[in-house]
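A.B. asks: Pasting a structure here, questions to come.
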Amino acid sequence: MPLLLKMIDVFGSLRSLFKIQKISVDTMTFRLHYRATVALLLGGCVTLACKSISGSPIHCEASGSVDKIVLETFCWLHTTYSMVHAFNKSLGQAVPYPGVSNSKGDGIHGHVSHPLVKQHKYYQWVIFFLLVQAILFYTPRWLWKGWEGGKIHALMMDLDIGLCSEVEKKQKKKMLLDYLWENLRFHNWWAYRYYLCEVLALLNVVGQMFLMNRFFDGAFLTFGIDVLRFLESDQEDRVDPMIYVFPRMTKCTFYKYGVSGEVERHDAVCILPLNVVNEKIYVFLWFWFLFLGVLSFITVLYRIVIIFSPRTRVYLLRLRFRLVRKEAVETIVRRSKVGDWFLLYMLGENLDTVIYRDVMHELANKLASRHHHSVPGIKGELQEA
C-alpha cells in the first residue's frame, strides 16, 4: 500500500507537465521539449523504478551448490554477457537463445573484455540515465524562464480577458503603449536569448541521440531502422534486432571455492525481465527524438529567416492576427527590430484580440507620426529593421 501511494503521488506530479498554462511565453515546438519529452522520460523512469521495486530485475539459474540469491545479486552487480557468434545460429538447435552458447571451450571469461563477448552493463543505469535526460530536456526551459523574467505577464495586466471597465481598459492600454513606445528597439537581446534556448533544445536532441548510441555500444542510431526492416521482412529468417541491444536471456559466470579449496566455475543463465520494458521505452524514444530533432531543425531555420527577412515578419503577423491592418503591421515592422516583433507576437498570443488590435493601430500611428516629423540624424530616431 505505501508503494502504491508513492506511485500515485509521483504520477500525479507528472500531470502538471500537461497542465495548460494561462500565459504563453514560448512556442509549441519548445513545449514539446520540456513538457511532452520530460513527461515521457520521467514516466519511463518511474515505471522502471516501480518494476524494480515490486519484482526482481534479474532471475538466474545454475547447477551446483550456489545460493540463488547470491548468484542473482552477483550477476546483477557484475553484469551479464552474450556470445557474439551465437546471435546468428539457429534457434532451438545450435543455441537455446540468441547470444547464449558454450564459452568454456574458447577459454573465455565472460566478465573480461573479449572480442567474442558482448557485455551488458547498461541495465543498472537506465533509470538514472532517463532521469538525467529529463533534466537536460528541461534545462532550456529553465534558462528561458529566468531570462524571460515575467515580462509577458507584467505587460498583459489582465488584458487577456477584456471584461473590464472602459476606464480601466483605456488606462492599461495606455500603459502598455507607453512601454512599447519608450522601449522600442531594446528587446533584441531578450528575444535572442529565447532563440538561443531553441538552438540549445535542438543540440540537446542531437546530442542525446549520440549519447544513447554510446550508451548502447553503438547500436542506437540504427536501432529504429533495424526494427522497421525486421517488421517488413520475413521475421522467421531474421533475429529481432531488439535482442542485440536488449537481450532477455544472457550468461553469467560465477567463481567460488569448492570443498577442496579449488576454484569452481559456475555458468548461469539469467533472464532480464526489465529489458522487455526497456526496449519498448527506447523504441518509442528513438522515433520521438527523430521527429523532435527534425521539427526543431525546421524551427531554427524558421528563426533565421525571421531575423533576416522583415517581409516574413510582416506576413506572419498578418497571418496570425487578422484584425490588425496590413499598413499598421508594415509600419511597425519597418520601424522596429526583430526583438520588438517577437515581443509583439507573444503579446498577441496572450492579449484579447480587440485590445491587441487597438494597441497595434495606436503604436503604428505614433510611429508614422514620429517618422513624418523627425529630422534625419537626430539621436534616438527609430531605425528600420
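A.B. asks: Name every residue in segment 43-64 that is modelled with pLDDT under 80, within 16 Å of residue 77 (Cα to Cα) and in contact with an Asp or Glu (Cβ under 8 Å, 6 or more places away or on another chain), in order of residue number.
C.D. replies: 56 - this is the single residue of segment 43-64 that is modelled with pLDDT under 80, within 16 Å of residue 77 (Cα to Cα) and in contact with an Asp or Glu (Cβ under 8 Å, 6 or more places away or on another chain).
A.B. asks: Another question about this same structure. Looking only at segment 153-207, which residues are farther than 23 Å from residue 142 by Cα, touching a residue at least 24 places away in the same chain (Cβ under 8 Å) and in a helix (DSSP H, G or I)?
C.D. replies: Result: 169, 173, 176, 177, 179, 180, 181.
A.B. asks: Something else about it: Evaluate the following for residue 357: is it part of a helix (DSSP H, G or I) and free of Cβ contacts under 8 Å to residues at least 12 places away in the same chain?
C.D. replies: no
A.B. asks: May I pose another question? Kindly indicate the residue of segment 165-209 that is closer than 30 Å to residue 286 by Cα and among the β-branched types (Val, Ile, Thr) and also least open to solvent (accessible area, probe 1.4 Å) among those meeting that condition.
C.D. replies: 205
A.B. asks: Let me confirm something: among 332, 298, 306, which residue is open to solvent by 80 Å² or more (accessible area, probe 1.4 Å) and either at pLDDT 90 or above or acidic (Asp, Glu) (or both)?
C.D. replies: Result of the check over 332, 298, 306: 298.
A.B. asks: Return a yes/no flag: does segment 275-292 have any residue that is at pLDDT 90 or above and among the hydroxyl-bearing types (Ser, Thr, Tyr).
C.D. replies: Within segment 275-292, not a single residue is at pLDDT 90 or above and among the hydroxyl-bearing types (Ser, Thr, Tyr).
A.B. asks: I've got another one for you. Report, by residue number, each residue of segment 367-385 that is crowded, with 17+ Cβ neighbours inside 10 Å and either at pLDDT 95 or above or in a helix (DSSP H, G or I) (or both).
C.D. replies: 367
A.B. asks: Out of (1) under 14 Å from residue 338 (Cα atoms); (2) under 13 Å from the mean Cα position of the chain (by Cα); (3) of a type outside the set (Phe, Trp, Tyr), what's the single condition that is false for residue 180?
C.D. replies: Among (1) under 14 Å from residue 338 (Cα atoms); (2) under 13 Å from the mean Cα position of the chain (by Cα); (3) of a type outside the set (Phe, Trp, Tyr), the lone unmet condition for residue 180 is (2).
A.B. asks: Within segment 148-164, how many residues are open to solvent by 80 Å² or more (accessible area, probe 1.4 Å) and not β-branched (Val, Ile, Thr)?
C.D. replies: Total meeting the criteria: 3.
A.B. asks: I've got another one for you. Go through the residues of segment 213-226 one by one and say whether even a single one is modelled with pLDDT of 90 or more and polar (S, T, N, Q).
C.D. replies: No, there is no match, as no residue in segment 213-226 is modelled with pLDDT of 90 or more and polar (S, T, N, Q).
A.B. asks: Name the residues in segment 77-101 that are part of a loop (DSSP other than H, G, I, E, B) and touching a Pro at 6+ places or on another chain (Cβ under 9 Å), would you?
C.D. replies: Result: 87, 88, 89, 98, 99.
A.B. asks: Residue 283: more than 30 Å from residue 99 (Cβ to Cβ) and either of a type outside the set (Phe, Trp, Tyr) or open to solvent by less than 40 Å² (accessible area, probe 1.4 Å) (or both), yes or no?
C.D. replies: Taking the combined requirement at face value, the residue does not satisfy it.
The values are calculated or read from the model by the stated rules, or taken from the named source; none is laboratory data. Bear in mind that the values here come from a model prediction, so they are computed numbers and not experimental data. Here the Cβ is made from the backbone with ideal geometry for all residues, glycine too, and neighbour counts use every protein chain on show. Accessible surface areas use protein heavy atoms only, side chains included; no ligands, DNA or RNA. Shrake-Rupley method; radii C 1.70, N 1.55, O 1.52, S 1.80 Å.
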